[in-house]
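The values are calculated or read from the model by the stated rules, or taken from the named source; none is laboratory data. Source: prediction; values computed, not measured.
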Amino acid sequence: MKTDPPSLRVSIARHVLSLAVGLAVGVFLHYVLFRLTLPVQPFIYVSF
């Protein structure tokens with residue numbers, strides 16, 4: 001039985017890399033949006 005052809009390995013590697021990059025960008029954007037929505041000062045100082 002032969003191993004996978006190189007084109008299939010490259011295709012799988014591209015899909016895995018694409019998934020990893022997509023997840024990293026998604027987590028980064030989620031964190032940036034979370035930080036932007038936080039108030040500059042904690043709420044307790046604003047209320048007094």
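Given the options Ser11, Ser47, Ser18, name the one that is modelled with pLDDT of 80 or more, over 18 Å from the mean Cα position of the chain (by Cα) and at negative phi.
Ser11
Taking (1) among the β-branched types (Val, Ile, Thr); (2) modelled with pLDDT under 90; (3) assigned to a helix (DSSP H, G or I) in turn, Val32 satisfies each apart from (2).
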